[in-house]
Structures are given as C-alpha cells and as structure tokens.
1. When the Karplus curve 6.51 cos²θ - 1.76 cosθ + 1.60 is applied with θ = phi - 60°, which whole-Hz ³J(HN,Hα) does each residue of region 75-82 get, with x for Gly and Pro?
2. Which order results if E68, E28 are arranged by neighbouring Cβ count within 10 Å, fewest first?
3. Cut-off is 10 Å between beta-carbons; in what order do F74, F22 appear when sorted fewest neighbours first?
4. Take the Cβ-Cβ distance between H47 and L19 as r, set R0 to 41 Å, and report the resulting FRET efficiency rounded to the nearest 0.05.
5. Ranking D41, D20, D49 by Cβ neighbours within 10 Å, fewest first, what do you get?
6. Tell me, what is the Rg over Rh of region 9-55, with Rh the Kirkwood radius over Cα pairs?
7. Using the Karplus curve 6.51 cos²θ - 1.76 cosθ + 1.60 with θ = phi - 60°, what ³J(HN,Hα) values do you get for each residue of region 51-64, in whole Hz, with x for Gly and Pro?
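All of the numbers you see were taken from the coordinates with simple rules; none came from a lab. Quick caveat: nothing in here was measured; it's all calculated off a predicted structure. Every residue, glycine among them, receives a Cβ derived from its backbone with ideal geometry; neighbour counts consider all protein chains shown.
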Amino acid sequence: MLNESAHGDNKMSRKPTALDTFLARKAEIDEALARLQALSDDHFNAHPDEINWGHAGSLGYIAEKLKELTDFAFQEGEYDEPGRSSAAKGMDA
C-alpha cells in the first residue's frame, strides 16, 4: 500500500525539503557525537598498560579532524572571516 496523506498525495514521490535534509543530517551528527563521547568515556578502548605511540597518534588524528570540524562550525581558524565580529559568527553559511 502506498503511503498517502489525508489529501491523497503520494509521499513516496515527494522530494525532501531543505528542512528534511537538515534534520536528517543533524540526527546523523548527533549519533556520531554520542558514539564518539561513549568511546572517549571508555578511553578509546585503550588500556593504560597497553598505551603506545600508535594510540597517541590515532588520538592526534581524531583531534585534528575534530578541530577542523569545530573550526568550520564556529568559523574559526582557517575558516575565520577577517573583520567579522564574534557575535556575528555562527552557522549562518
């Protein structure tokens, strides 16, 4: 049976709106953040007696990627726009 609204239009053929896509992507990000937080809470599955430079390097890589993401999200670092006030910064791109 087709998924139809009260007006009889077929939702299966409806194109997603920007809001639909935004909310779906936000949910993906929220899930990824929750998974990363859980992994961090578990010390990235590393045991203190087994930590080596490979573990340190892996965390460095993760930290580097997170910095790039936060710089983009908060328009800092390489994404900073000179002359833009801190009050004007945000996700308005």
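1. Using θ = phi - 60°, the values come out as 6, 10, x, 5, 9, 5, 9, x Hz.
2. Details: E68 13, E28 10.
Lowest to highest Cβ neighbour count: E28, E68.
3. On the way: F74 14, F22 11.
Going from least to most buried by this count: F22, F74.
4. On the way: r = 44 Å, r/R0 = 1.08.
That gives a FRET efficiency of 0.40.
5. Details: D41 8, D20 11, D49 5.
In increasing order of surrounding Cβ atoms, one gets D49, D41, D20.
6. Values: Rg = 19.0 Å, Rh = 13.9 Å.
Here Rg/Rh amounts to 1.37.
7. 5, 9, 5, x, 4, 4, x, 4, 5, x, 5, 4, 4, 4
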